[in-house]
Amino acid sequence: KIFPADALGQNYIKSVQPVFPGMNFMPTGGINADIEDITEWLKGGAIAVGLGSSLIKKELTAEQLTEKVKKLLQQLNQN
């Protein structure tokens, strides 16, 4: 887990992977819950991303949150 990821940037993982061969990285903290940002982190070497406040908004109902997550997963599976 790399936190806060947004302070280090999307290229950080690629920079440290050679020093830690075989280690997996999951950035969290400041990851936007949109396909573009998630894809950039995955291209940068992340195996997953942690989404928090950018995904869960107070104004969202449980159904809306479920639909948002389903949409993100569908988009990721298409890439």
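Since every read-out is calculated from the coordinates, none of them should be taken as a lab result. In this text the structure is predicted, and so the values were computed from the model without any measurement. Positions of Cβ are backbone-derived with ideal geometry, glycine not excepted, and every protein chain shown enters the neighbour counts.
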Open item on the list: With the structure loaded, tell me whether Leu42 is exposed (fewer than 12 other Cβ atoms within 10 Å of the Cβ), assigned to a helix (DSSP H, G or I) and without any contact (Cβ under 8 Å) to a residue 40 or more places away in the chain or whether it fails that test.
Closed with: no
Task: Number of positions in the range 1-38 that are assigned to a helix (DSSP H, G or I) and either surrounded by 15 or more Cβ atoms within 10 Å (Cβ to Cβ) or not basic (Lys, Arg) (or both) - done: 15
Task: Selection within the range 53-72 - outside any loop (DSSP other than H, G, I, E, B) and exposed (fewer than 11 other Cβ atoms within 10 Å of the Cβ) - done: Ala62, Glu63, Lys70
Open item on the list: Could you tell me how many of the residues in the range 4-32 are within 15 Å of Leu42 (Cβ to Cβ) and among the acidic types (Asp, Glu)?
Closed with: 0
TODO: Return yes or no: is Gly9 without any contact (Cβ under 8 Å) to a residue 12 or more places away in the chain and within 16 Å of the chain's Cα centre (by Cα)?
DONE: yes
